[in-house]
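Everything below concerns the one structure shown next.
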Amino acid sequence: MDKLPDNPKSGPTTVVIVDDSPFFRYQLGTRLNRRGWRIAASLTSGEEAVQKIPDINPQLVLMDVVMPGIDGMETVRKLRKTWSGPIVMMSAHSDQGIRNTWKALDAGANDFVAKPGAGEDVDHMIDQIVERLKSVGRRPTLVRDEPAEASLEVGTAGIRLLVIGASTGGPKALSYLFQTMGKQRPAIPVLVVQHMPGNFTRSFAERLAGLLGSPVIEAPPDGSSIPLQSAPVVVAAGGLHLRVTAHACWAEPGERRHGVIPSVDVTLFDAVEAFGGQMASVILTGMGEDGAEGVHQLKQRGGTVVVESRDTALVWGMPGTVAKNGDADAIWPLDRISGWVKKVVTHG
């Protein structure tokens, strides 16, 4: 897995923390200091952030989503008028916090991490921040100049199932993909495996449904089976694997794979067994190599594999591994993937 050293050789990483809780700012700042990072400022409000961050110009901003006064979403929107550096949102597990996280990403934040839940240590969140710092330093463009529908030379005939895998940067990429898919109900089942905490995936499915204009459901955490004959669009539940047969899919507990659950590989292993080469997989931005073994099996069975290119991927870990293994039929920027996926889900 691509992972930034805790103490970068280029010198201390400068961070601004924006959070209305004095205790949480102290707790987070103390732990970041222990890792050799420098807290350039510890701010209490969005108003302070908008005023001070452009002058401080830190290497990273860690911002709470829900704050009194102007909240995280509005703060990001205002800040993006004067400053373009990396912003990672810190989201509580509350419904309001989760909903506002998606709005903050729309406003220009680069990524998010979940705040510690009950009984969780803040160091787990910091581990995720460390992993993200290298990636959020760049803000790739989702859309290029050429039309998304151009040169769709990878075939779509005979595809009966589409599995999409993503990790770091995935919420933004998937939102773009679903928004540009067209207001239609897909003609084939679409399964989405996004590395995401458990409390976030239901809200994320609702967000994708709003963008698509047709139902998108979280795989029920209770393990209830979802028939595939109705061509559902299903998001894997956080903290559970998405299992598949030729007729249904469901959420199931299991061991982490590549350190993550849900795992793209677990879903792909099942899907390839059930559908053989009559399916396709799209691997979007993400850290690590989850999905690479699954798409290798898919290629051996004659299936179709498309991965996101460096042009638009926030992190070229997952798609890059597939490409380096020689298992990609196409390595495309996100706008071109969008045109191909639209064709796949329209015609099956």
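The values are calculated or read from the model by the stated rules, or taken from the named source; none is laboratory data. The shown structure was predicted, so the numbers you read here are calculated from the model rather than taken from an experiment. Note that we place each Cβ from the backbone using ideal geometry, even for glycine, and neighbour counts take in every protein chain shown.
Residue pairs whose Cβ atoms lie under 8 Å apart, separated by 6 or more positions or on different chains, with the first residue in region 172-184 and in the same structural domain as M196 (by TED's automatic domain parsing) and more than 13 Å from D106 (Cβ to Cβ) and the second among the basic types (K, R) and in a helix (DSSP H, G or I), are T180/K342; M181/K342; G182/K342. Please indicate, with yes or no, whether at least one residue in region 19-38 is at pLDDT 95 or above, within 28 Å of G286 (Cβ to Cβ) and either surrounded by 14 or more Cβ atoms within 10 Å (Cβ to Cβ) or in the same structural domain as I126 (by TED's automatic domain parsing) (or both). Looking through region 19-38, at least one residue is at pLDDT 95 or above, within 28 Å of G286 (Cβ to Cβ) and either surrounded by 14 or more Cβ atoms within 10 Å (Cβ to Cβ) or in the same structural domain as I126 (by TED's automatic domain parsing) (or both). For region 43-64, which positions are in contact with a Ser or Thr (Cβ under 7 Å, 6 or more places away or on another chain) and part of a helix (DSSP H, G or I)? Once the filter is applied, which keeps residues that are in contact with a Ser or Thr (Cβ under 7 Å, 6 or more places away or on another chain) and part of a helix (DSSP H, G or I), region 43-64 yields G46, A49, V50, P54. Select from region 314-329 the residues that are touching a helix residue (DSSP H, G or I) at 6+ places or on another chain (Cβ under 6 Å) and under 13 Å from G169 (Cα atoms) and list them in ascending order. Across region 314-329, the qualifying residues are L314, V315. Kindly indicate whether any position in region 239-257 is part of a helix (DSSP H, G or I), more than 18 Å from K342 (Cβ to Cβ) and not β-branched (V, I, T). No, every residue in region 239-257 fails to be part of a helix (DSSP H, G or I), more than 18 Å from K342 (Cβ to Cβ) and not β-branched (V, I, T). Does V260 satisfy the condition of being surrounded by 24 or more Cβ atoms within 10 Å (Cβ to Cβ) and either at pLDDT 95 or above or over 24 Å from M181 (Cβ atoms) (or both)? The answer is no for V260.
Being assigned to a loop (DSSP other than H, G, I, E, B), acidic (D, E) and crowded, with 24+ Cβ neighbours inside 10 Å narrows it down to one residue among D311, D290, D327; which is it? Result of the check over D311, D290, D327: D290. In this structure, T304 qualifies as buried (at least 24 other Cβ atoms within 10 Å of the Cβ) and out of contact with any Cys (no Cβ under 8 Å at 6 or more places or on another chain). Scanning region 268-282 finds no residues that are assigned to a loop (DSSP other than H, G, I, E, B), in contact (Cβ under 8 Å) with a residue 24 or more places away in the chain and within 27 Å of F112 (Cβ to Cβ). As a summary of the residue check, V306 satisfies the conditions (1) of a type in the set (V, I, T); (2) assigned to a strand (DSSP E or B); (3) closer than 28 Å to I129 by Cβ except for the one numbered (3). Residues that are more than 21 Å from the chain's Cα centre (by Cα), assigned by TED's automatic domain parsing to the domain that holds A274 and not polar (S, T, N, Q) are absent from region 204-214 altogether. Residues of region 174-198 that are part of a loop (DSSP other than H, G, I, E, B) and not charged (D, E, K, R): T180, M181, G182, Q184, P186, A187, I188, P189, H195, M196, P197. Filtering region 210-238 to residues that are assigned to a strand (DSSP E or B) and either more than 16 Å from A166 (Cβ to Cβ) or out of contact with any Asp or Glu (no Cβ under 9 Å at 6 or more places or on another chain) (or both) leaves I217, I226, P227, V233. Assigned by TED's automatic domain parsing to the domain that holds Q184, free of Cβ contacts under 8 Å to residues at least 60 places away in the same chain and within 16 Å of the chain's Cα centre (by Cα): is that true of S230 in this structure? When the stated conditions are applied, S230 does not pass them. Can you find a residue that is at pLDDT below 95 and in contact with a strand residue (DSSP E or B) (Cβ under 7 Å, 6 or more places away or on another chain) anywhere in region 320-333? No, that holds for no residue. Which count do you get for residues in region 92-142 that are at pLDDT below 85, outside any helix (DSSP H, G or I) and closer than 30 Å to W332 by Cβ? So the answer is 6.
Of the candidates M89, M67, the single residue that is assigned to a loop (DSSP other than H, G, I, E, B) and either surrounded by fewer than 22 Cβ atoms within 10 Å (Cβ to Cβ) or outside the structural domain of V260 (by TED's automatic domain parsing) (or both) is M67.
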